Structure formats: C-alpha cells, structure tokens
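To keep things clear, I will list the structure first and then write my remarks on it.
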Amino acid sequence: MRQDERFYMISMVCRLLNVHPQTLRLYEREGFIKPKRIKRQRVYTDEDLERLNFVIRLTKEFGVNRSGVDIILRMRERMQIMEELINELFRYVDEDIKQTLEKRMKKFFEQI
C-alpha cells in the first residue's frame, strides 16, 4: 500500500456510487473488485472506485449482465497490457532510431 493512497470504507463507497453494500459484496464475490482489508474491514482505493463506477455503468446504463462484465473487464485489462507493451516498443524504436541518427551525424561531420 502506498502512503499517499486514500482509502474509503464500504459505507462511503455506497454513498458515493449510490449502491447497496450487498452490491459491492456481490461484485467482490464475482471477482470484479478486490478491496484491500485493514483489520478485516474492506477498504477501497480511488482505483477501486473507478473500476466500480465502470462496472455499475456497464450493468445499469448498458444492461450488461455479470458474464458480460467479466468478459469486458478481462478484455480491458488485456488491452491495457498491450498498450503498455506497444509504448515500450515505441520507446525502444525511438531510442534505436536516435542512436542510429547520432552515429550517422557523427560520421557525416567527421567527413567534413
């Protein structure tokens, strides 16, 4: 746990997201959310709130069932991993291009 991380008790999360505590417990059982525990008490982070809000929007606004939510969450996580890998690849390619360009420029100026 990070020191700058904020934690919310289940009652506060219920008020913020306008849901019943049993809904949050159901989402936990389904594996949609994994709140941390401090002395057996569920606590939620800002990241948890964002994920819960996304799940609630899927179910209430779009009518997605629990199986659909599970699939969407897994696809979303895979897309985030792919995005990180693509960004890492771009950084590698950028560095390689930069080094190649520097070598060519050095060689060019040595010839002058």
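The values are calculated or read from the model by the stated rules, or taken from the named source; none is laboratory data. Being a predicted model, the structure only gives us computed values, none of them experimental. When we count neighbours, we look across all protein chains shown, and the Cβ atoms used for this are built from the backbone with ideal geometry, even at glycine.
Among (1) among the basic types (K, R); (2) at pLDDT 95 or above; (3) part of a loop (DSSP other than H, G, I, E, B), where does R2 come up short?
Every condition holds for R2 apart from (2).
For the stretch 27-70, how many residues meet the condition of being loosely packed, with under 12 Cβ neighbours inside 10 Å, among the hydrophobic types (A, V, I, L, M, F, W, C) and at pLDDT 95 or above?
1
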